[in-house]
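First the structure, in the form of C-alpha cells, and then the observations on it.
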Amino acid sequence: MPEMSEPRVVFAHGKESGPWGSKIQHLAAIARSQGFAVESLDYSDLMDASARVERLLAHAPTGTPLMLVGSSMGGYVAAMACEALAPDALLLMAPALYLEGYPGDPSHCPDDTVVIHGWDDDIVPLEGSYAFASARRAALHVVADGHRLAESIELIGELFSAQLQRARDRG
C-alpha cells in the first residue's frame, strides 16, 4: 500500500473518456518523473456530475502535496471537491463549470490554480473558464485548440510540470 503522505496527483476524466486517456497518460508520466504518485478514478459508469464528485470525496485522496487535475466534466469534479479535499494545486482543462446539470460554484480552490481552455471548444463554452479564473485571479491559458486540447498537449505538460514543482517547493 502506498504511503499516503507522499506527493500525489489525482486525475478526473471527462464525461465520455476514461481514466487513462491520452492526456492523463501524458500528465501521469510527468508527475511520476517528479516523484508524485498518481491515481485516476474510473467514473465511466456515472453520467451525473454530482455523483462523480461524491465518488471522489468518498475516495478521500491525500498527499503532501496533493494536486487535483480534471478535464471537462472531470474539471468540474476536481473544482467542486476542493472545499472538502483542500488540494495544494488544481489544474483544470476545459472545465464544465456553470453549465446546466453542473450545480454549484466551486469554492476554496487553491491559490495555485491553472485553467486551460481552447478558443475553438464546441462542447464547453470558454466563458465559464473565464468567469471561474477571473473570480479567483487564477492563471487562464486560452489556446488555439478545441475541446480535447489535443494540439496543446506539450504546452499543458509544461504548465503542469511547473505547477508540480511549485507545489513541491511549497510543501
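So for segment 59-68 (the condition being farther than 22 Å from residue 143 by Cβ, in a helix (DSSP H, G or I) and without any contact (Cβ under 8 Å) to a residue 60 or more places away in the chain), does at least one residue qualify?
Checking segment 59-68: at least one residue is farther than 22 Å from residue 143 by Cβ, in a helix (DSSP H, G or I) and without any contact (Cβ under 8 Å) to a residue 60 or more places away in the chain.
So, in segment 130-164, exactly how many residues are loosely packed, with under 14 Cβ neighbours inside 10 Å and either in contact (Cβ under 8 Å) with a residue 12 or more places away in the chain or touching a Lys or Arg at 6+ places or on another chain (Cβ under 9 Å) (or both)?
The number of residues fulfilling the criteria is 2.
Scanning for something buried (at least 18 other Cβ atoms within 10 Å of the Cβ), in contact (Cβ under 8 Å) with a residue 40 or more places away in the chain and assigned to a helix (DSSP H, G or I), does segment 1-18 turn up at least one residue?
Scanning segment 1-18, I find no residue that is buried (at least 18 other Cβ atoms within 10 Å of the Cβ), in contact (Cβ under 8 Å) with a residue 40 or more places away in the chain and assigned to a helix (DSSP H, G or I), so the answer is no.
Can you tell me how many residues within segment 26-47 are free of Cβ contacts under 8 Å to residues at least 24 places away in the same chain and surrounded by fewer than 13 Cβ atoms within 10 Å (Cβ to Cβ)?
4
Residue check: is residue 88 in contact with a Leu (Cβ under 7 Å, 6 or more places away or on another chain), surrounded by fewer than 24 Cβ atoms within 10 Å (Cβ to Cβ) and over 24 Å from residue 22 (Cβ atoms)?
Yes: the conditions hold for residue 88.
From the list 152, 161, 72, exactly one residue is of a type in the set (S, T, N, Q) and out of contact with any Asp or Glu (no Cβ under 9 Å at 6 or more places or on another chain). Which is it?
161
Can you find a residue in segment 21-37 that is part of a strand (DSSP E or B), in contact with a Lys or Arg (Cβ under 7 Å, 6 or more places away or on another chain) and of a type outside the set (Ser, Thr, Tyr)?
So far as segment 21-37 goes, yes, one or more of its residues are part of a strand (DSSP E or B), in contact with a Lys or Arg (Cβ under 7 Å, 6 or more places away or on another chain) and of a type outside the set (Ser, Thr, Tyr).
Return yes when residue 90 is touching a residue at least 60 places away in the same chain (Cβ under 8 Å), among the aliphatic types (A, V, I, L, M) and under 21 Å from residue 145 (Cβ atoms) and no when it is not.
Considered against the rule, which asks whether it is touching a residue at least 60 places away in the same chain (Cβ under 8 Å), among the aliphatic types (A, V, I, L, M) and under 21 Å from residue 145 (Cβ atoms), residue 90 comes out as no.
Give the residue that is farthest from residue 161 (Cα to Cα), with candidates limited to residues of segment 88-134 that are of a type in the set (A, V, I, L, M) and part of a loop (DSSP other than H, G, I, E, B).
Of everything passing the filter in segment 88-134, 99 is farthest from residue 161 (Cα to Cα).
FYI, it's all coordinate maths here, none of it is from the lab. Owing to the predicted nature of the structure, the values given are computational and were not obtained by experimental measurement. Cβ atoms come from the backbone with ideal geometry, glycine included; neighbour counts cover every protein chain shown.
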